[in-house]
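The values are calculated or read from the model by the stated rules, or taken from the named source; none is laboratory data. Keep in mind the model is a prediction, meaning the values are calculated, not measured. Cβ atoms come from the backbone with ideal geometry, glycine included; neighbour counts cover every protein chain shown. Protein only, heavy atoms only, side chains kept; ligands, DNA and RNA dropped before computing areas. Shrake-Rupley method; radii C 1.70, N 1.55, O 1.52, S 1.80 Å.
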Amino acid sequence: MDLNHWYKELTYDEWVPIPVSGARSPPRYKHAAAVVDEKLYIAGGSRNGRHLSDIQVFDLRSLTWSSLKLKANAGKDDVSSSQESLPATSGHNMIRWGEKVLLLGGNSKDSSDKLTVRYIDVKTCQFGVIKTSGSVPIARMGQSATLFGSRVILFGGEDMSRKLLNDVHVLDLENMTWDMINTSQTPPAPRYDHAAAMQGERYLLIFGGCSHSVFFNDLHLLDMQTMEWSQPQTQGDLVSPRAGHAGITIDESWFIIGGGDNRSGCPETLVLNMSKLVWSVLTVVKQKDPLSSEGLSVCSASIDGEKYLLAFGGYNGRYSNEVFVMKPKAKDSVRPKIFQSPAAAAAAASVSSAYALSKSEKLDFTQLDDINSKSSVNGHPLDDATVKIEAIKEEKRLLELSIAEVRAKNSKLGGEIDEVNSTHAELTKELQSVQGQLVAERSRCFNLEAKIAELQKLLESMQSVEDQVQALRKKKSDLDQEMELAATAQRQSSGGVWRWFAGSEA
């Protein structure tokens with residue numbers, strides 16, 4: 001791989017690990033990430049139950065990692081205040097704002113009752129706490145923070161007492177003022193570790209996440225003009241429930257990477273066409289791949305005018321510190337000239353509808369004539385050749401979609417087969433190990449049974465010896481009694497003789 005132009009050799013829609021020169025960033029998950037000027041910034045996170053406080057920088061040109069040495073701001077202005085060091089934090093968000101990155105919320109030892117907004121100036125390496133006003137939300141972790149023009153939309157999360165949230169707050173970055181938004185209709189269930197995105201400069205989309213016992217795969221939409229929640233119907237591939245996934249938007253495509261349900265990771269990279277609300281599986285990795293992790297991050301980067309996806313970190317049984325890159329293929333980048341005007345777009349839509357209906361429902365000629373009469377540009381009917389061309393183009397598009405779906409399913413099945421084969425191999429090894437242990441235990445049981453039999457014989461012989469000892473003790477006791485009686489009798493007889501001699505002398 002040409003390290004100077006490594007990104008030019010990438011194939012579309014495939015994740016590839018980036019080769020790294022020198023030392024790597026320490027592995028982690030639940031960190032925050034952002035790209036500024038072809039550099040990937042990683043802040044904090046968690047590993048082995050400990051929060052991290054470092055800032056790691058990956059240079060997309062030199063492919064090297066470095067640590068950002070921060071300098072506390074003097075705090076002389078009315079926007080920010082100084083701080084001795086960046087606290088160890090996880091479950092926070094990072095938003096790029098000009099030459100600064102903003103760090104919002106998260107869990108740290110010095111968490112206050114209210115949500116803290118910190119900043120890092122990537123040019124001067126200064127950092128500090130931004131003073132915010134208004135209805136400042138309570139401190140939380142696992143929330144989503146989505147940039148919407150000059151505002152940040154904050155949704156959900158989990159507060160410091162582990163209470164789940166589904167509230168909406170807006171931070172105006174121009175004057176650093178918070179507002180709490182009152183919404184109508186049914187909001188998403190309280191959750192954390194979900195993903196959020198903006199569509200059409202109007203709608204906030206919320207996908208997945210979890211409560212303390214349930215993992216979600218639902219999609220919710222908040223109209224930022226009416227502040228009404230809705231749960232739209234989606235089409236396309238089925239998506240599994242997940243939390244701890246990462247999402248990033250490029251044009252109308254919302255890419256969802258990783259996540260899991262505390263039992264297994266999600267190996268597929270999903271794409272949601274936000275304007276059509278259609279899910280599709282873009283690619284599938286192996287089950288134990290770092291991209292099939294919870295708590296990973298994903299960012300978009302522009303190199304030489306082309307967009308790339310960058311994924312880092314995560315946890316799926318082990319912590320990752322690899323950087324993966326994908327070059328997404330532009331969706332609907334080539335459009336027919338008929339789409340250049342609204343009237344032409346309407347005509348093309350009518351033609352496409354006519355073709356699709358004729359394929360599925362076999363319309364009669366009256367219906368086709370009616371549709372053809374509506375297929376016009378600026379009041380002039382399209383000729384038959386144009387209609388046929390558009391119908392052929394539509395058929396080609398549908399076929400390409402079908403082929404892409406089949407390839408995605410084949411890729412997914414291939415990944416599942418590899419995973420099953422890997423699991424089978426692991427289970428076979430485990431079975432052989434258990435069988436070996438069983439043989440060893442059987443041998444041990446036989447040895448124990450032999451020792452028990454010997455001990456039983458020894459006990460029986462000891463009982464016989466004990467009986468003999470008791471008999472001897474009884475004989476000894478009898479002899480002692482006989483000797484005692486004999487001695488007594490001798491004393492009595494001897495005493496009488498001396499008494500006789502004594503009486504004679506008197």
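Let me make sure I get this right: for the range 19-61, a, b and c are the square roots of the gyration tensor eigenvalues over alpha carbons, sorted descending. Under 1.5 in a/c it's rounded, otherwise prolate if a/b > b/c, else oblate. Which is it?
On the way: a/c = 2.91, a/b = 1.56, b/c = 1.86.
Since a/c reaches 1.5 but b/c is at least a/b, the shape of the range 19-61 is classed as oblate.
Here W97 sits with roughly 80 square angstrom of accessible surface, probe radius 1.4 Å. The range 214-244 and the range 167-210 have Cα centres separated by 12 Å. Computed with a 1.4 Å probe over protein heavy atoms only, the accessible area of S62 comes to about 60 Å².
What are the trypsin sites (Lys or Arg not before Pro) within the range 198-293 that DSSP puts in a loop, where the Cβ has at most 12 other Cβ atoms within 10 Å?
Values: sites: R202, R242, R263, K276, K286, K288; in loops: R202, R242, R263, K276, K286, K288.
Those that pass, being in a loop and sparsely packed, are R263, K276.
Taking all protein chains as they are arranged and a probe of 1.4 Å, the heavy atoms of D121 leave approximately 20 Å² accessible to solvent. Volume per residue for the range 238-297 equals 73 cubic angstrom (convex hull of Cα atoms). Of the residues I138, I250, I303, I417, ranked by 1.4 Å probe accessible area with the largest first, the sequence reads I417, I138, I250, I303.
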